[in-house]
Amino acid sequence: MNMMPHPFAEQVEVAGSQRATMLAVCLDLEGILVPEVWVNVAKQTGIEALRRTTRDEPDYDRLMRYRLDILDENGITIDDITAVIEAMEPLEESVGFLDSLERRWPTLVLSDTFSQFARPIMDKLGNPTLLCHTLVIEDSGRISDWTIRLQDQKRRTVEALRAMNLEVIAVGDSYNDTSMLAAASAGILFRPPDNVVEEFPQYPVTQDYHGLAAAIDEAASALGE
Ligand SMILES: [Mg+2]
């Protein structure tokens, strides 16, 4: 894959690389860098009920139980879902955008997805650092349960980074990102649904990677970068 030159190269050069890094960037995964995994599973399997995401259901445990029950009812295994995910591509221009961030600042991808789901698509993103959860999978391929690595891990990761004397810029799109955005030095929304925009008017809203890169630059400047 030819990753250079990309449209953000100029911004990278302007930033330089000699300054002391006092900033980290935390990005949500789905909706920010890659499409919603479950929406794609719904599309490929034709099971409309799987379209529900954290955008619709803020209670993650309830959402996951609901999803796993539907998989059981339809006999869908991890192999079926992995096949869907392997066919997915990162969002257009996301690879160049992510590369430009990683050249400038420590960049973490914080997701409520699962390591088994993420692996194929993380390869396509250039394998950035990902912190997420784990599925419990039976020998038959049935997904029986999930293990949350840490409750509210997005927020707590941001808090831990700030305890390490880093300013943090966080980017998300859904309910499950809002505690991370609140804990960050600066929070930014990317292509959020209307209900999140209405409930969280304090965060700037961006719709494309140029707008997001500009919002990150602005926040970084305000934080002394
Ligand atoms: Mg998301």
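Only the coordinates and a few stated rules stand behind these numbers; no lab work does. Being a predicted model, the structure only gives us computed values, none of them experimental. Reconstructed Cβ throughout: ideal geometry from the backbone, glycine too, with neighbour counts over all protein chains shown.
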Next item on the list: Please determine, in degrees from 0 to 90 and to the nearest 10, the orientation of helix 115-124 with respect to the longest principal axis defined by the Cα atoms of the chain, where the helix direction is its Cα long axis.
Entry: 50 degrees
Notebook entry, point to check: Which ³J(HN,Hα) values, rounded to whole Hz and listed in residue order, are derived for the range 187-201 from phi using the Karplus coefficients 6.51, -1.76 and 1.60 in 6.51 cos²θ - 1.76 cosθ + 1.60 with θ = phi - 60°, glycine and proline given as x?
Noted result: x, 9, 9, 10, 6, x, x, 4, 5, 6, 4, 5, 7, 10, x
Margin query: How far apart, in nanometres, would the label points at residue 86 and residue 150 be if each is projected 7 angstrom from Cα along the Cα-to-Cβ direction?
Written below: 3.3 nm
Checklist line | Degrees, to the nearest 10: 94-104 long Cα axis against longest axis of the chain | finding: 40 degrees
Notebook entry, point to check: Which order, highest average first, do 90-100, 168-178 follow once you tally other Cβ atoms within 10 Å for each residue and take the mean per peptide?
Noted result: 168-178, 90-100
Note to self: Quick query: amide H of residue 134 versus all other amide H atoms, modeled in the peptide plane; which residues come in under 5 Å with a sequence gap of 5 or more or a different chain?
What the structure shows: 115, 147, 149
Next item on the list: Calculate the translational D of the chain in whole µm² s⁻¹ from Stokes-Einstein, where the hydrodynamic radius comes from the Kirkwood formula applied to all Cα pairs, the temperature is 10 °C and the viscosity 1.306 mPa s.
Entry: 87 µm²/s
Note to self: Please give the charge dipole size of the range 38-86, origin at the Cα centre, charges +1 on K and R Cβ atoms and -1 on D and E Cβ atoms. Round to the nearest 20 debye.
What the structure shows: 220 debye
Next item on the list: From the P(r) of the range 113-225, can you give the percent of Cα pairs sitting at distances over 24 Å?
Entry: 36 percent
Next item on the list: Calculate one ³J(HN,Hα) per residue across the range 131-137 by plugging θ = phi - 60° into the Karplus curve 6.51 cos²θ - 1.76 cosθ + 1.60, and present them in order as whole Hz with x for glycine and proline.
Entry: 10, 8, 10, 9, 8, 9, 10
Next item on the list: Compute the projected area of the convex hull of the Cα atoms of the range 152-199, averaged over all viewing directions, and report it in nm² to one decimal place.
Entry: 2.9 nm²
Margin query: Between residue 124 and residue 57, how high is the FRET efficiency from 1/(1 + (r/R0)^6) when r is the Cβ-Cβ distance and R₀ = 30 Å? Nearest 0.05.
Written below: 0.65
Margin query: For the range 61-139, what does the relative contact order come out to in percent, with C-alpha contacts under 8 Å and a separation of six or more?
Written below: 31 percent
Item checked: Global geometry of the range 33-118, whether rounded, prolate or oblate, following the gyration tensor of its Cα atoms and the 1.5 cut on a/c -> prolate
Notebook entry, point to check: So what's the convex hull volume per residue for the Cα atoms of the range 38-86, in Å³?
Noted result: 69 Å³
Margin query: From the helices alone, meaning DSSP H stretches of at least four residues, give me the mean residue ellipticity at 222 nm for the chain, per-run term -39500 (n - 2.57), in deg cm²/dmol to the nearest 500.
Written below: -12500 deg cm²/dmol
Checklist line | Residue-wise HN-Hα coupling along the range 213-220, computed from phi with Karplus coefficients 6.51, -1.76, 1.60 (Hz; x: Gly, Pro) | finding: 4, 5, 5, 5, 4, 4, 5, 5
